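Peer 1: Take a look at this one; I'll ask things after.
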Amino acid sequence: MPLVCLFYYIHDKRRIVYLPVTILSLVFSAVFCGLKAFFSFSYRIAPDNFFRNYAFFFLSESFIPVVVITGLLLGLSRDSLHYRVSAFFAAALPYYAICIPYRVLSAAVPYPFFGLFIKPLLYLSMVVAYSIILELLYGSARTGKRKQVLFSVLGLIFVLCLPAFVETLWFSGKFFVLQIVIFCIYEGGVVELCCLKKNKTMKEVLEYLMSIRFVVRGK
């Protein structure tokens, strides 16, 4: 996830515009993880209850971080509302790029495959999808499209709830096939959402990826 964050800020043309937000997010995340490492006992005795574990993952990994980041952007920033909405991704990505690896690596060894690979992808996709839908919500609200506003709100709730559900399934050690199916559908949906934002079809994206593959092979 840190590599994705670095890649994004190297290649994104708008990185200078969102640089203050990015720096503040990096500093806040580093201080938060440092304080947690030195002054708190991070080991958690999990109850044998699916809903309580889901509530824990949902609040700690999805709801509270996203609400805090969104609230800080909307409540404290003096920039235009459009800038604050579009800056969500630049603010959230550094937080998750630091906090997710910290939480995975501070857990018990050996590190599980889910924590090293699946969990970062899940929450990266959540940030991507949330930022896109948040911009759609802003645009729909400005134009007075009530149905699109409703669907956007439902979309925000959905993308926030699903990663914690998959993580709880993994934590319970049950329904492995269901975990894979939900994960693949979720990731595919986020890719499709990105394609729609870029005005490209899934077929065009796949053809582009295949062309890169053949160019690399030719070299």
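The values are calculated or read from the model by the stated rules, or taken from the named source; none is laboratory data. Just so we're clear, the structure is a prediction, and the values are computed from it rather than from any experiment. As a convention, Cβ positions derive from the backbone with ideal geometry for all residues, glycine included, and neighbour counts pool all protein chains shown. Heads up: the accessible areas ignore ligands, DNA and RNA and are worked out on the full protein's heavy atoms, side chains in. Shrake-Rupley method; radii C 1.70, N 1.55, O 1.52, S 1.80 Å.
Peer 1: Per residue of the stretch 155-171, what does 6.51 cos²θ - 1.76 cosθ + 1.60 with θ = phi - 60° give for ³J(HN,Hα)? Whole Hz please, x for Gly and Pro, Karplus curve as stated.
Peer 2: Once rounded to whole Hz, the list reads x, 4, 4, 4, 5, 7, 7, 5, x, 5, 5, 5, 5, 5, 4, 5, 5.
Peer 1: Here's something else I'd like to know. When a/c is below 1.5 the answer is rounded, else prolate if a/b is larger than b/c, else oblate, so apply that to the stretch 110-151 with a ≥ b ≥ c taken from the square roots of the Cα gyration tensor eigenvalues.
Peer 2: Prolate is the answer for the stretch 110-151, as a/c is 1.5 or above and a/b outweighs b/c.
Peer 1: Then there is this: Picking from 32, 77, 143, whose Cα lies most toward the positive end of the charge dipole for the stretch 1-160 (charges on Cβ: Lys, Arg +1; Asp, Glu -1)?
Peer 2: 143
Peer 1: Would you work out the relative contact order for the stretch 101-188, in percent, from Cα pairs under 8 angstrom that are 6 or more residues apart?
Peer 2: It comes to 26 percent, rounded to a whole number.
Peer 1: At a probe size of 1.4 Å, how large is the accessible area of residue 154, to the nearest 10 Å²?
Peer 2: Per-residue accessible area (residue 154): approximately 90 Å².
Peer 1: From the square roots a ≥ b ≥ c of the eigenvalues of the alpha-carbon gyration tensor of the stretch 90-178, which class results: rounded (a/c under 1.5), prolate (a/b over b/c), or oblate?
Peer 2: Oblate, because a/c is 1.5 or more while a/b does not exceed b/c.
Peer 1: Also: Which one of 127, 95, 115 has its Cα pushed farthest toward the positive end of the charge dipole of the stretch 57-200, where Lys and Arg give +1 and Asp and Glu give -1 at the Cβ?
Peer 2: 127
Peer 1: Something else now. Taking the simple approach of a point 7 Å from Cα along Cα-to-Cβ for both residue 153 and residue 48, what is their distance in nm?
Peer 2: Inter-label distance under the simple model: 4.1 nm.
Peer 1: Additional query: Can you give the accessible area of residue 119, probe radius 1.4 Å, in Å² rounded to 10?
Peer 2: 20 Å²
Peer 1: Rounded to the nearest 10 Å², what accessible area does residue 64 show when all protein chains are kept and the probe is 1.4 Å?
Peer 2: Near enough 90 Å² of accessible area.
Peer 1: Let me ask something else about it. Each residue of the stretch 25-36 in turn: what ³J(HN,Hα) in whole Hz from Karplus with 6.51, -1.76, 1.60 and θ = phi - 60°, glycine and Pro shown as x?
Peer 2: Once rounded to whole Hz, the list reads 5, 4, 5, 4, 5, 5, 5, 4, 5, x, 5, 5.
Peer 1: Here's another thing I want to ask about it. If I model a spin label at residue 117 and residue 3 as a point 7 Å from the Cα along the Cα→Cβ vector, what separation in nanometres do I get?
Peer 2: Between residue 117 and residue 3, the label points sit 1.2 nm apart.
Peer 1: Compute the label zone of residue 76 within the stretch 22-39: residues whose backbone N is under 14 Å from the point 7 Å along Cα-to-Cβ.
Peer 2: Residues passing the 14 Å test: 22-32.
Peer 1: Relative to the Cα centre, what is the charge dipole magnitude of the stretch 119-186, using +1 at the beta carbon of each Lys and Arg, -1 at the beta carbon of each Asp and Glu, and rounding to the nearest 20 debye?
Peer 2: In debye, rounded to 20, the stretch 119-186 gives about 260.
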